[in-house]
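K.L.:
Before anything else, here's the structure in question.
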Amino acid sequence: MSSTIKKKSGKLEPFIRAKIHKGIKQAMKEVRHSDHSEKITEEVVKFLNKRFKDIVPTVHDIKDVVEDILIKHRMHDVAKAYILHRKQVGEGQYFSAKEEGNLSVNAITVLQKRYLRRNIKGEVVETTAQMFSRVAKHVASAEKKKDKNKWEEEFLGIMEELDFLPNTPCLINAGTSLNQLFSCFVLDVPDSMEEIFETLKQSALIFKSGGGVGYSFSNIRHSGALVNSTGRTASGPVTFMEVYDKATEVIKKGGVRRGSIMGVLRVDHPDILTFVGEKAKGKLPNFNVSVGVTDEFMKAVVNDRFYWLKDNKGKNVQHVRAREVFDFICGNAWESGDPGLLFIDEINRKHPLKKVGKVEATNPCGEVILLPNEACCLGSVNLAHMVRNNAVNWVKLAKTVKTGVRFLDNMITLNNYPTKDIKKICLSNRKIGLGGMGWANMLVSLNLKYDSSEALAMAKKVATFIRKTAEEESEKLAREKGAFPNQKNSTIKNKRRNATILSISPTGSISIIAGCSSGIEPLFGIAYVRNIVDGMQLFEVNPAFEQVARYRGFYSKGLMTKISHLGSIQDIKKIPKDVQDLFVTALDIPVESHVKMQAVFQSQIDNAVSKTVNLPTNAIIGDIKRTYMLAWKEKCKGITVYRYGSKGEQVLYIGAHDKKGKK
């Protein structure tokens with residue numbers, strides 16, 4: 001077992017056997033039971049060593065083990081005294097009682113590690129309540145003086161109840177001297193040495209504040225092309241990506257979080273095969289990479305035709321077979337999880353600002369459609385909280401969406417932009433990305449299986465409702481505060497405040513804080529391990545499943561231990577079939593169901609949808625080909641796949657793993 005334990009506050013402390021012994025001994029003394037405290041303590045420690053071999057246990061975990069062992073030995077009165085003793089003693093809590101009621105141990109751990117303010121000694125000097133208050137006060141400061149108090153209360157309420165959370169930089173930086181509130185940027189990478197490194201400088205400022213950047217390297221001349229100013233040949237875009245990757249590695253050590261970056265290269269760039277193969281070689285570890293594929297290319301794949309690779313001036317360079325390139329893309333995605341695809345024609349076809357410019361890249365997770373030097377703020381509604389009496393609470397959902405739209409629009413007004421160019425285009429377009437998280441939890445509460453036609457129908461209904469409500473609120477804000485300045489250059493007919501409004505984000509950290517599933521993803525597992533900052537691992541168990549198991553009478557510690565090793569419950573005979581059907585996980589679901597769910601949401605989202613099609617370890621390259629082709633046909637704007645275990649390190653694991661992801 002680990003030599004440390006995790007308290008409710010998230011703080012790690014040394015594991016002290018004597019504390020367990022003292023608590024058991026005291027409980028036995030209180031009920032006048034003969035002293036078997038040493039024997040019970042020894043059994044507890046042995047069990048902990050076995051069960052938590054690679055995971056840091058919480059105080060709650062240890063308490064549960066003590067209680068179970070006491071009950072196993074029929075010491076019910078001792079167990080009861082032990083429980084009461086623990087409640088009376090407590091843990092010297094740092095968080096308030098109200099916060100403890102809303103936040104899980106894992107949420108508190110993440111908050112203390114990454115979000116709460118610290119003094120110059122690195123000590124946490126802020127509670128979660130103070131963080132939410134700081135953010136609400138700052139975001140409400142964009143309102144008229146007479147309305148500030150009202151909106152501060154509204155913003156504080158939806159955050160405290162975990163009904164809505166903004167993106168990470170807002171939670172960390174709002175109301176501070178840094179005041180950079182945005183998650184997503186796309187920076188231009190022109191074909192000149194000076195401008196390439198100027199973009200890298202701008203990136204450093206964004207990484208420092210917790211933002212992520214997407215780049216298109218398609219404008220950089222290909223390897224071997226002539227450089228007129230020197231008479232030598234160009235090294236190509238991949239070499240500059242390596243420079244960016246190294247810089248990101250250095251910058252992330254002193255920043256808020258790892259500087260996430262996306263590199264995009266068009267499928268018709270002459271260096272496309274070099275670009276695609278980099279990740280499988282173990283290079284560019286800080287990059288997500290995506291290929292910008294065109295309709296022409298996808299049709300050439302379907303019809304087994306050739307297509308032209310072109311230089312950065314549009315001149316034909318090489319005629320290649322589309323299927324060979326597609327096979328190479330899919331093979332590398334099978335091996336390393338990269339590249340994903342961006343359907344660049346579909347993106348530009350649906351983009352409302354065609355007259356302003358052409359989209360060449362997205363933010364690092366692909367959910368925000370941005371022009372060069374544009375940025376966007378994100379926030380997510382906790383859909384798990386939008387259910388009442390096994391039905392969607394449409395009234396609460398509408399109110400939360402409306403408040404969320406205003407919240408994000410205020411962030412645009414207040415944000416401290418890293419450059420004048422970024423500020424100008426952001427204030428001209430006022431793009432926001434309101435999305436949802438906890439979708440899988442919502443489906444469970446509605447008793448709908450994720451990979452069912454009923455779930456797809458509900459997705460369409462919910463997404464349509466959110467779109468209409470958000471658009472109405474943006475139109476209302478336009479009447480109150482003015483439309484976005486570039487509306488005259490857009491395809492949007494009704495005056496509204498924001499050029500784009502909706503986006504489905506992956507919501508990694510904020511979904512932990514909210515205690516719900518990520519974005520619109522299915523449940524990753526019923527019990528699994530999540531890697532977070534500094535190599536720390538968090539063990540997560542789906543609370544809804546545990547509740548059903550207890551209510552239906554098949555719960556046991558042994559069952560939960562078994563599930564923690566399997567992740568899925570589909571092959572466990574003890575669990576009723578209807579429960580197995582309801583609690584399907586990402587690896588249980590066929591690729592078609594993953595893609596169709598994404599496509600349904602995408603049909604109502606003006607930005608894009610970040611979602612990963614998770615595949616089992618034994619998936620074949622053909623599964624990835626099928627996924628990519630279906631996503632194009634279903635008019636998704638992008639697609640990402642991940643075959644379980646294909647990277648040396650990953651965020652989520654089934655069962656216990658070491659820091660390198662090995663069992």
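K.L.:
Leu342: net charge of surrounding residues, Cβ under 11 Å, Lys/Arg +1, Asp/Glu -1, itself excluded? Please list the in-between numbers first.
P.N.:
Numbers: positive: Arg266, Lys637; negative: Asp345, Glu346, Glu360.
Within the 11 Å Cβ shell, the charges total -1.
K.L.:
Within the range 40-70, list the residues whose amide N lies under 16 Å from a label point set 7 Å along Cα→Cβ of His33.
P.N.:
Under cut-off, by backbone N: 40-45, 63-70.
K.L.:
Answer rounded, prolate or oblate for the range 297-375, using the Cα gyration tensor with square roots of eigenvalues a ≥ b ≥ c: rounded when a/c is under 1.5, else prolate when a/b is larger than b/c, else oblate. Could the numbers behind the result be given before it?
P.N.:
Details: a/c = 2.11, a/b = 1.38, b/c = 1.52.
Because a/c hits 1.5 or more and a/b fails to exceed b/c, the range 297-375 counts as oblate.
K.L.:
Which value results for Rg/Rh of the chain when Rg is the Cα radius of gyration and Rh the Kirkwood radius based on the inverse mean 1/r? Please report the intermediate quantities before stating the final value.
P.N.:
Values: Rg = 26.0 Å, Rh = 26.3 Å.
The Rg/Rh ratio comes out at 0.99.
K.L.:
Please give every one of the lysines within straight-line cross-link reach of Lys201, meaning a C-alpha to C-alpha distance under 21 Å, and leave out same-chain neighbours fewer than 8 residues apart.
P.N.:
Lys246, Lys252, Lys253, Lys420, Lys423, Lys424
K.L.:
At 7 Å along Cα-to-Cβ for each site, give me the label-to-label distance between Gln26 and Asn416 in nm.
P.N.:
4.7
K.L.:
Between Lys476 and Ser3, what length in nm is gained on full extension when 0.36 nm per residue of separation is reduced by their alpha carbon distance?
P.N.:
Details: separation 473, 0.36 × 473 = 170.28 nm, distance 5.64 nm.
Contour length minus the Cα-Cα distance gives 164.6 nm.
K.L.:
R0 = 41 Å: FRET efficiency of Gln570 with Val302, Cβ-based, nearest 0.05?
P.N.:
Working: r = 34 Å, r/R0 = 0.83.
In this case the efficiency is close to 0.75.
K.L.:
Considering only Thr274, Ser568, Ile504, whose Cα is most displaced toward the positive end of the charge dipole of the chain, charges sitting on Cβ of Lys, Arg (+1) and Asp, Glu (-1)?
P.N.:
After comparing all options, I get Ile504.
K.L.:
Between Lys423 and Leu559, how many nm apart are label points set 7 Å from Cα along the C-beta direction?
P.N.:
Each label point is offset 7 Å from its Cα along the Cβ direction, giving 5.9 nm.
K.L.:
Report the FRET efficiency, 1/(1 + (r/R0)^6), for Asn49 and Val651, where r is their Cβ-Cβ distance and R0 is 30 Å, rounded to 0.05. Could you put the intermediate results ahead of the total?
P.N.:
Values: r = 27 Å, r/R0 = 0.89.
The computed FRET efficiency comes out at 0.65.
K.L.:
Further question on the same structure: Classify the range 457-571: rounded, prolate or oblate, from the alpha-carbon gyration tensor (a ≥ b ≥ c, eigenvalue square roots; a/c under 1.5 rounded; otherwise prolate if a/b is larger than b/c)? Don't skip to the end; give the middle numbers.
P.N.:
Values: a/c = 3.85, a/b = 2.50, b/c = 1.54.
Prolate shape, in that a/c is at least 1.5 and a/b is the bigger ratio.
K.L.:
Oh, and also: Taking a probe of 1.4 angstrom, what is the accessible area of Arg643 in Å², to the nearest 10?
P.N.:
Solvent-accessible area, nearest 10 Å²: 30 Å².
K.L.:
Sticking with this structure for a sec: Computed FRET efficiency, Cβ-Cβ of Phe328 and Lys635, R0 22 Å: what is it to the nearest 0.05? Provide the component values of the computation, followed by the final result.
P.N.:
Values: r = 24 Å, r/R0 = 1.11.
Computed FRET efficiency for Phe328 and Lys635 comes out at 0.35.
K.L.:
Among the lysines, which have Cα under 21 Å from the Cα of Lys637 when same-chain residues fewer than 8 positions away are ignored?
P.N.:
Lys299, Lys350, Lys354, Lys355, Lys358, Lys431, Lys460, Lys461, Lys468, Lys596, Lys611, Lys625
K.L.:
If you don't mind, another one. Within the chain, which complete DSSP H helices have Cα atoms spanning at least 24 Å along the helix axis and a mean Kyte-Doolittle hydropathy of -1.0 or higher? Display every interim value, and only then the final one.
P.N.:
Details: long enough: 394-414 (30 Å, 0.40); 453-481 (41 Å, -0.71).
Those that pass (Cα extent of 24 Å or more, hydropathy at least -1.0) are 394-414, 453-481.
K.L.:
At 1.4 Å probe size, with no ligands or nucleic acids counted, give the accessible surface of Leu226 in Å², nearest ten.
P.N.:
Counting only protein heavy atoms, Leu226 exposes about 100 Å² to solvent.
K.L.:
Counting only helical runs of four or more DSSP H residues, what would the 222 nm mean residue ellipticity of the chain come to if each run contributes -39,500 (n - 2.57) and the total is spread over all its residues?
P.N.:
Working: 25 runs with 294 residues, N = 663.
When only DSSP H runs of four or more count, the value is -13500 deg cm²/dmol.
K.L.:
Pull out a ≥ b ≥ c, the square roots of the eigenvalues of the alpha-carbon gyration tensor of the range 337-378, then state rounded if a/c is under 1.5, prolate if not and a/b is larger than b/c, and oblate in the remaining case.
P.N.:
Oblate, since a/c reaches 1.5 and b/c is not below a/b.
K.L.:
If Lys and Arg each add +1 and Asp and Glu each add -1, what is the summed charge of the other residues whose beta carbon sits under 14 Å from the beta carbon of Ala174? Let's see the in-between values first.
P.N.:
Working: positive: Arg117, Arg134, Lys137; negative: Glu126, Glu152.
Counting the neighbours of Ala174, the net charge comes to +1.
K.L.:
Going Cα to Cα from Lys29, which lysines come in below 29 Å? Please leave out same-chain ones fewer than 8 positions away.
P.N.:
Lys6, Lys7, Lys8, Lys19, Lys39, Lys46, Lys50, Lys63, Lys72, Lys80, Lys87, Lys557
The values are calculated or read from the model by the stated rules, or taken from the named source; none is laboratory data. All values derive from a computational prediction rather than experimental measurement. Heads up, the Cβs are rebuilt from the backbone with ideal geometry, glycines too, and the neighbour counts pull from every protein chain shown. For the accessible areas, the whole protein counts, side chains as well, though only heavy atoms, and no ligand, DNA or RNA atoms are used. Shrake-Rupley method; radii C 1.70, N 1.55, O 1.52, S 1.80 Å.
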